[in-house]
Ligand SMILES: *Cc1c(COP(=O)(O)O)cnc(C)c1O
């Protein structure tokens with residue numbers, strides 16, 4: 001079996017070739033090793049593999065060749081030393097957060113988190129004696145004030161869901177370093193192509209591969225990336241013994257997704273920028289938030305830390321909930337869904353779906369109103385999408 005890895009490859013090359021383990025049959029496409037376990041040539045070989053004296057696979061909860069290809073390709077893209085692929089994005093987030101923490105530790109997290117991430121921080125962690133403080137992630141002063149002697153971890157998402165606000169990853173990374181804490185960044189909304197948290201000063205990056213990495217609405221997956229030392233000392237044992245492993249079939253699907261990720265993210269971001277500009281001029285629209293626009297509330301940070309806007313647009317309909325619902329129901333190409341990053345354009349009304357469990361105050365604080373909609377741009381022709389949006393706005 002041969003492995004392929006070019007250190008100086010650009011992302012588009014790495015995403016087609018990096019990490020490929022080609023078998024003796026010379027297959028062009030990555031092989032799918034749909035197996036739970038592996039055979040050993042002898043009892044001595046089994047002993048040597050368990051002792052770690054001989055390389056090779058033992059059990060697919062620990063590692064699997066197809067999953068290994070996906071992890072290596074993600075490392076090449078992210079510029080990370082090591083990675084573990086997980087069964088979902090939430091398995092990646094919870095493993096990344098919990099693997100190094102114990103009772104008595106303190107975590108500071110940005111308040112604007114994906115709903116399930118917020119539940120892990122706000123509800124699950126305190127049950128195990130981990131103290132948590134939620135802050136306004138946009139304010140460096142808020143992060144600094146929240147630091148305690150036992151602060152071990154910082155956690156944020158940027159751009160945030162659904163309002164696409166941006167946190168200063170470099171600034172927050174410096175505060176984490178000063179406090180002896182590790183900064184974990186959920187980079188789903190930026191995608192691995194538009195923002196590189198590890199280069200900016202984060203210590204751990206997590207993805208829901210369910211979103212842009214699969215990109216075609218097929219399977220769940222996730223990945224945690226960091227330096228080898230941290231993974232060896234923290235994630236390695238946690239991952240093996242709690243079992244959030246990615247299935248080989250899903251890893252194979254995600255590998256094929258990575259091949260086309262740059263093409264899709266480029267096209268979807270271009271469409272998002274066009275749609276954001278169109279919406280900004282429309283009389284029925286209040287606010288438009290798009291990280292690629294000059295009027296984005298953190299446009300200066302976007303310019304420093306991102307290489308493109310995003311594949312999503314957030315906007316408010318002036319008419320509130322009834323207008324938003326009329327708009328959604330009048331759409332014919334764009335689908336109503338809580339998902340994002342898909343080849344199909346999808347729209348979400350966060351107040352009544354993804355963010356319905358937040359209190360009214362928490363939603364107001366996060367800038368989510370009754371008229372707020374989040375739009376994830378797909379791969380359809382942007383002219384068709386604009387026509388669909390235009391006719392739905394007439395109905396709104
Ligand atoms: C979807 C998502 C997750 C969770 O991923 P799953 O694959 O659904 O478990 C976590 N964080 C963000 C920002 C997400 O968009």
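Below is a table of values for the structure above.
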quantity	calculated
Share antiparallel - DSSP beta bridges, the chain, percent rounded to 5	55
C-alpha long axis of helix 89-98 to longest principal axis of the chain, angle in °	70
Inter-centroid distance (Cα atoms) of region 295-342 relative to region 250-276, Å	17
Tilt relative to the chain, helix 382-395 - C-alpha long axis, 0 to 90 degrees, to 10	50
Rg(Cα) / (2.2 N^0.38 Å) computed for region 1-133, rounded to two decimals	1.35
Degrees, to the nearest 10: 320-330 long Cα axis against longest axis of the chain	70
Residue-span extension gain [residue 35 to residue 280] - 0.36 nm each, minus C-alpha spacing	83.1 nm
Ranked list, fewest to most other Cβ atoms within 10 Å of each Cβ, for 68, 384	384, 68
Cα coordinate range in region 80-254, projected on the principal axes (Å, largest first)	45, 34, 29
Mean separation of Cα contacts under 8 Å (6+ apart) over length of region 165-255, as relative contact order %	22
Highest to lowest packing among 357-367, 180-190, 92-102, scored as the average C-beta count within 10 Å	180-190, 92-102, 357-367
Inter-label distance, nm, simple model (7 Å from Cα along the C-beta direction), residue 236/residue 295	5.3
Residue exposure sequence - 69, 90 - by fewest surrounding Cβ within 10 Å	90, 69
Pairwise FRET efficiency - residue 229 versus residue 54, Cβ, R0 = 25 Å, nearest 0.05	0.60
Estimated Rh, region 83-161: Kirkwood, alpha-carbon pairs, angstrom	12.9
Region 255-377, relative contact order [Cα under 8 Å, separation at least 6], %	26
DSSP bridge orientation in region 86-229 - percent antiparallel, rounded to nearest 5	25
Extension gain (nm, one decimal) between residue 303 and residue 365, 0.36 nm per residue minus Cα-Cα	19.8 nm
Ranking of 256, 7, 152 by count of other Cβ atoms within 10 Å, fewest first	7, 256, 152
Where only C-alpha atoms are counted, convex hull volume of the chain per residue in Å³	140
Mean Cα-pair separation over length for the chain, i.e. relative contact order, pairs under 8 Å, 6 or more apart, %	16
FRET efficiency, 1/(1 + (r/R0)^6) with R0 45 Å, evaluated for residue 353 and residue 46 via beta carbons	0.35
Cβ-Cβ FRET estimate between residue 263 and residue 338, R0 fixed at 35 Å, reported to 0.05	0.90
Calculated [θ] (222 nm, deg cm²/dmol) that DSSP helices of n ≥ 4 give over the chain, each run adding -39,500 (n - 2.57)	-11000 deg cm²/dmol
D (Stokes-Einstein, µm²/s), Kirkwood Cα radius, region 257-395, 0.692 mPa s at 37 °C	214
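Bear in mind that the values in this text are calculations on the coordinates, not laboratory data. Note that this is a predicted model, so its numbers are computed, not measured. Please note: Cβ atoms are built from the backbone with ideal geometry, for glycine as well, and neighbour counts cover all protein chains shown.
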